[in-house]
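Worksheet: one structure, shown below.
The values are calculated or read from the model by the stated rules, or taken from the named source; none is laboratory data. Since the model is a prediction, treat every value here as computed from it, not as a measurement. Neighbour counts run over all protein chains shown; Cβ positions are idealised from the backbone, glycine included. What goes into the accessible areas is simple: the full protein's heavy atoms, side chains included, and nothing from ligands, DNA or RNA. Shrake-Rupley method; radii C 1.70, N 1.55, O 1.52, S 1.80 Å.
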Amino acid sequence: MFDSAYKSIFPFWETISREDRDYICDNSVNLFYKKGTTIHDGSECSGVFILRSGSLRIYIMSEDGKDVTLYRLHQGDMCMLSASCVLQAITFDVFIDAEEDCECFVINGRAYEAVQERNPDVKIFTLETAVSRFSDVMWVLQQVLFMSIDKRLAIFLYDEANRLKTDTLILTHEQIAKYIGSAREVVSRMLKYFSNEGIVEVSRKGIKIVDKAKLSKLAL
């Protein structure tokens, strides 16, 4: 199961030895997580996560309990930040929650690290994957530090609608606040403003985008 899946996931798979491929497979598990489960709390090297289904939220948390979403993972995505033993330059704790019921392949961090040390192609892939995620993190920081809340909310709604291919988003105000690094009260107030402007309709069923052109203009 793991060998065939990793062949399509890892570009280095055919370049490393059969022994190293077997070692990674032998140190892999297929795990299932219920919605709402915290699957990594930053306290240890949990391993390399490969998301088979569902979605995960990766975030950091302050001492007073305030959290900021760094990025989200969906089917086919991979998380290296959960394996601090693989990326030893990471000196901050990240947390990972299951946003939906999830299935993941998890490679033991120490096993992956050992193979990485023997194979430059694996190390290059690991660093490239980490750099691409740090690009996402920098985008989040740019939004939180330099963008107004209306623009951040517009970008989130527009991107989420495009990702899900729907104009109706089944999200609570609390969830949106976590995703964009704001407070629920602020999100509620801004959604009310969007509603008054004819951009969205807000109900108990969710948020319906009724003027995507106007929303796009706000997001630019």
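Summary table
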{"read-out": "Within segment 157-183: backbone nitrogen closer than 20 Å to the K212 label point (7 Å, Cα to C-beta)", "value": "157-171"}
{"read-out": "Helix axis angle, 109-118 relative to the chain longest principal axis, alpha carbon, degrees", "value": "60"}
{"read-out": "Chain lengthening between V202 and E128 when straightened (0.36 nm per residue, less Cα-Cα)", "value": "22.6 nm"}
{"read-out": "Residues R52 and S17, FRET efficiency given R0 of 25 Å [Cβ-Cβ distance, rounded to 0.05]", "value": "0.45"}
{"read-out": "Cα-centre dipole for segment 67-163 with unit charges at Cβ (Lys and Arg positive, Asp and Glu negative), debye to 20", "value": "380"}
{"read-out": "Cross-link pairs K66/K123; K165/K205; K7/K34 - those with Cα-Cα distance over 25 Å", "value": "K66/K123; K7/K34"}
{"read-out": "By average C-beta atoms within 10 angstrom, highest first, the peptides 129-142, 184-197, 49-62", "value": "49-62, 184-197, 129-142"}
{"read-out": "Equivalent ellipsoid, segment 1-108 (semi-axes from 5 times Cα gyration tensor eigenvalues, Å)", "value": "26, 16, 11"}
{"read-out": "For the chain, average projected area of the Cα convex hull in nm²", "value": "12.9"}
{"read-out": "Gain on full stretching of the segment that runs from E117 to S135 - 0.36 nm per residue minus C-alpha separation", "value": "4.0 nm"}
{"read-out": "Using a Förster distance of 30 Å, the FRET efficiency for F32-Q175 (Cβ separation, nearest 0.05)", "value": "0.85"}
{"read-out": "Folded to 0 to 90 degrees: helix 184-196 orientation relative to the chain principal axis, Cα", "value": "50"}
{"read-out": "Given charges at beta-carbon only (K, R positive; D, E negative), |dipole| of segment 130-220 in Debye", "value": "100"}
{"read-out": "Evaluated at q = 0.14, 0.22 Å⁻¹: base-10 log I(q)/I(0), Debye formula over Cα of segment 100-160", "value": "-0.67, -0.92"}
{"read-out": "Estimated D of segment 136-220 in µm² per second, where Rh is the Kirkwood radius over Cα pairs and Stokes-Einstein applies at 37 °C, 0.692 mPa s", "value": "257"}
{"read-out": "For the chain, calculated [θ]222 nm from helices alone, where every DSSP H run of n ≥ 4 adds -39500 (n - 2.57)", "value": "-14000 deg cm²/dmol"}
{"read-out": "Contact order normalised by residue count of segment 40-179, Cα under 8 Å, 6+ apart, percent", "value": "26"}
{"read-out": "Degrees, to the nearest 10: 120-146 long Cα axis against longest axis of the chain", "value": "20"}
{"read-out": "Surface accessible to a 1.4 Å probe, per residue, for the residues of the chain, Å²", "value": "53"}
{"read-out": "Protein accessible area in segment 95-220, 1.4 Å probe - carbon and sulfur %", "value": "55"}
